[in-house]
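> Encoded as structure tokens, here's the structure I'll be asking about.
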Amino acid sequence: MASRILLTGGAGYIGSHTHVALVAAGHDVVILDNFSNARRAVPERLEQITGKPTKMIEGDVRDPATLAAIFKTQAIDAVVHFAALKAVGESMARPLDYFDVNIGGLTTLLHAMEAAGCRRLVFSSSATVYGVPDEAPTAETAPFRAMNPYGQTKIMGEQMLGWLQAANPEWAVGILRYFNPAGAHGSALIGEDPRDIPNNLMPFVAKVALGELPRISVFGNDYDTPDGTGVRDYIHVEDLARGHVLSLEKLLSTGQGHVVNLGTGRGYSVLEVIAAYRRASNRDLPHVITDRRPGDVPIYVARADRAAEVLGFQTEKGLDEMCASSWKWVSNMAGGA
Ligand code: NAD
Ligand code: UD1
């Protein structure tokens, strides 16, 4: 059944891809975004992809009046809450900003939803809630471990939502713990668009392939992994977006919440990512081995069976497709698109 969905942070990387997937599934989508980390061209790009007008509200998720007006006028059935700050290093330097946006924003949103009687929410969480996990692949039952203020906000968000559901069973929340989102939409009209020098591997490699950065630093090759470099479970952002559609539809059809990892269940090392990106871009990718990055985790790989059982979620795209779509997107952007 078609529903009306509010996407907070829907102009961002994962939100924009989820918008496309929701519209393709027949839903009616409203975006709320303050463009603090999104380009103003995104709504128009979304129209090009979907062939439908983008309903875009510019505003801050911390503003109760904006939210009250949206719930009053838009007949929202459910919300996907992407709006957050997400840079780990920045969160160590400016923790209050992270508590303000990630916790304050969530609290304000939940108040507005409660007042409107809208109690279906999908929450963007992260594998970072596991800190350094004892086991890889990591199951949803692994304990929370905060490594930095960003991770702390995701743990606190999940806990708040757990207490809310305990207090009122009319709430149904889908908590999605993303592993490492990568790649871009096949149209090359939307993708990850870091404004500064990227911290994450795939966007950094993309900039080296474009010639905008001279070389990749591989942060350590002495981990207990097959080639000594860090291993991650990269998930194509289009697969991830589809996971949100399944999560929402599950919440709306059953009224029951869930907590699931969204990953592929397969890990790739830093050197494997560089090799795959070299194949996709046909560019030389110079790299040097440097010291480990402080606070880094050797291996993050999802146990992916719960998402399959609860949501029927399976990933369809592998690392080569992530690198190829990323390369198409960054080349398109560099060409001024
Ligand atoms: P993003 O920065 O591209 O998207 C976030 C969007 O929220 C941006 O468009 C930004 O302008 C908007 N926003 C920020 N603060 C806002 C506010 N106060 N009011 C309204 N809009 C606001 O990030 P993303 O990669 O798409 O991440 C989306 C969500 O997924 C975040 O909650 C993030 O923590 C989580 N997550 C991301 C990753 C990842 O690797 N990208 C991994 C795990 C979890
Ligand atoms: C990082 C965050 C994590 C967040 C995730 C998604 C840290 C410590 N962790 O995770 O909390 O949820 O991003 O936003 O920042 N690497 C290099 N060279 C680089 C960049 C990365 O070798 O220039 C390596 C890393 O050591 C790691 C792998 O590549 O082994 C992936 O790194 P990254 O893309 O930053 O993701 P995470 O470390 O998983």
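Values in this text are rule-based calculations from the coordinates and carry no lab data. As the structure is a computational prediction, the values presented were derived from the model and not from experiment. Ideal geometry is used to build each Cβ from the backbone, glycine not excepted, and the neighbour counts take in all protein chains shown.
> Under the definition of Cα pairs under 8 Å and six or more residues apart, what whole-number percent is the relative contact order of segment 57-158?
35 percent
> Another one. When the expected Rg is taken as 2.2 N^0.38 Å, what fraction or multiple of it is the alpha-carbon Rg of segment 272-337?
Normalised Cα radius of gyration, segment 272-337: 1.51.
> I'd like the orientation of helix 105-116 relative to the chain: the angle between its Cα long axis and the longest Cα principal axis, in ° from 0 to 90, rounded to 10.
That helix lies at roughly 30 degrees to the long axis.
> To the nearest 10 degrees, how steeply does helix 149-167 sit against the main Cα axis of the chain, on a 0 to 90 scale?
30 degrees
> Next question, about the same structure. What's the Kirkwood radius of segment 122-228 in Å, using all Cα pairs?
The Cα-based Kirkwood calculation yields 16.9 Å.
> Which entries in Lys207/Lys250; Lys86/Lys250; Lys55/Lys154 show an alpha-carbon gap greater than 30 Å?
Lys207/Lys250
> Then there is this: Of Gln74, Leu85, Val20, which is farthest towards the positive pole of segment 1-102's charge dipole, taken about the Cα centre with +1 and -1 on the beta-carbons of Lys, Arg and Asp, Glu respectively?
Positive-end residue among those listed: Val20.
> Also, I was wondering about something else. Using DSSP, restrict attention to beta bridges with both residues in the chain and report what percent are antiparallel, rounded to the nearest 5.
5 percent
> Which value, in debye to the nearest 20, gives the size of the charge dipole of the chain about its Cα centre, when Lys and Arg are +1 and Asp and Glu are -1 at the Cβ?
Roughly 440 debye for the chain.
> What do you get for Rg/Rh of segment 57-159 when both radii come from the Cα atoms and Rh is the Kirkwood radius?
1.03
> For segment 228-240, what does the Karplus curve 6.51 cos²θ - 1.76 cosθ + 1.60, with θ = phi - 60°, yield as ³J(HN,Hα) per residue in whole Hz, taken in order and with x for Gly and Pro?
So the Karplus estimates, Gly and Pro as x, are x, 9, x, 10, 9, 9, 7, 10, 5, 4, 6, 5, 4 Hz.
> Sticking with this structure for a sec: Could you give the size of the charge dipole of segment 1-148 about its Cα centre, using +1 on the Cβ of each K and R and -1 on the Cβ of each D and E, expressed in debye and rounded to the nearest 20?
I would put it at about 300 debye.
> Additional query: Provide the per-residue ³J(HN,Hα) series for segment 221-227, in order, calculated from phi with Karplus coefficients 6.51, -1.76, 1.60 and θ = phi - 60°, each as a whole number of Hz, with x at glycine and proline positions.
10, 10, 7, 7, 9, x, 10
> Same structure, new question: Take the chain, mark every one of the GluC sites (Glu not before Pro) that falls in a DSSP loop and has at most 14 other Cβ within 10 Å, then report the longest stretch left between them, sites excluded.
The longest such stretch corresponds to 1-134.
> Amide H to amide H under 5 Å from Thr138: which residues, 5+ apart in sequence or cross-chain, H placed 1.01 Å off N in plane?
Amide H neighbours of Thr138: Val301, Ala302, Arg303.
> Sticking with this one: Determine, at each q value in 0.30 (inverse angstroms), the log₁₀ of I(q)/I(0) that the Debye formula gives when each Cα of segment 67-112 is one equal point scatterer.
-1.09
> Right, another one. Using amide H atoms built in the peptide plane, which far-off residues or other-chain residues are under 5 Å from Met56 H to H?
Residues meeting the amide H criterion: Ile31.
> Quick one: what are the phi-derived ³J(HN,Hα) couplings along segment 294-305, Karplus 6.51/-1.76/1.60 with θ = phi - 60°, whole Hz, x for glycine and proline?
The phi angles translate into x, x, 6, 10, x, 9, 10, 9, 7, 6, 9, 6 Hz.
> Remind me, relative contact order of the chain in percent, using alpha carbon pairs under 8 angstrom and six or more residues apart?
Worked out over the chain, it gives 19 percent.
> Using only the C-alpha atoms of segment 113-176, find the volume of their convex hull and express it per residue in Å³.
Hull volume normalised by residue count: 86 Å³.
> Still on this model: Amide H to amide H, which residues 5 or more places from Ile289 or on other chains are under 5 Å from it, using H placed in the peptide plane?
Those qualifying (amide H under 5 Å, at least 5 residues apart or on another chain) are Val218.
> Let me ask another. Report the semi-axes of the equivalent ellipsoid for the chain in whole Å, largest first, where each axis is √(5λ) for an eigenvalue λ of the Cα gyration tensor.
For the chain, the semi-axes come out at 31, 23, 18 Å.
> Hey, what did segment 188-265 get for relative contact order, percent, Cα under 8 Å, at least 6 apart?
After rounding, I find 17 percent.
> Between Ala146 and Arg278, 0.36 nm times their residue separation minus their Cα-Cα distance comes to what?
Roughly 44.1 nm would be gained on extension.
> Of Pro181, Thr54, Thr229, which is farthest on the positive side of the dipole of the chain, counting Cα position, with +1 on Lys and Arg Cβ, -1 on Asp and Glu Cβ, and the Cα centre as origin?
Thr54
> Quick one: plug the Kirkwood hydrodynamic radius of segment 199-294 (C-alpha pairs) into Stokes-Einstein at 4 °C, 1.567 mPa s, and report D in µm²/s.
Reported coefficient: 84 µm²/s.
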